[in-house]
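See below for the structure under consideration.
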Amino acid sequence: MQMLRTISFNNHNLKFKKCVIDRVYEKEDKSKAPVMFVYFDSAKFGKKFYYADKEQGQFIEIPSKEFEKRFECYDRDLEKNHGRRLWEDDDISQSINSRADADVAEGGNR
């Protein structure tokens, strides 16, 4: 959560069309270790992607094409979202999808 506070869009006056906080893995990583990412779409800033860099201890902004080239969703997460990546789902507006919320809804079984 400390890393989330460092993102420049962390402003109570900023209104999101959509914000997703979830996990993905790097396509090159055979172990598929989770990487936290943030995607948001706002009228003021447009569509932005950030990923948590463990070595630097901060979120790094990344262009959307590079994000999609470098990272992938877990199969289970794709199944839950009917084969769509969370940032592709335009039907959900003004919502925050976090892994913690999903864990609570599933009774913590992940």
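Can you tell me which residue within the stretch 7-60, out of those that are among the acidic types (D, E) and modelled with pLDDT of 95 or more, is surrounded by the most Cβ atoms within 10 Å (Cβ to Cβ)?
Of all residues in the stretch 7-60, those among the acidic types (D, E) come to 22, 26, 28-29, 41, 53, 55.
So of that shortlist, the ones also modelled with pLDDT of 95 or more come out as 26, 28-29.
Numbers: E26: 15, E28: 7, D29: 12.
Here the residue is E26.
Does F67 satisfy the condition of being touching a Pro at 6+ places or on another chain (Cβ under 8 Å) and either in a helix (DSSP H, G or I) or surrounded by 14 or more Cβ atoms within 10 Å (Cβ to Cβ) (or both)? So F67 does not fit the description; no.
The values are calculated or read from the model by the stated rules, or taken from the named source; none is laboratory data. Just so it is clear, the structure is predicted and the values come from calculations on it, not from any experiment. Using ideal geometry, Cβ is built from the backbone for each residue, glycine included, and neighbour counts are taken over all protein chains shown.
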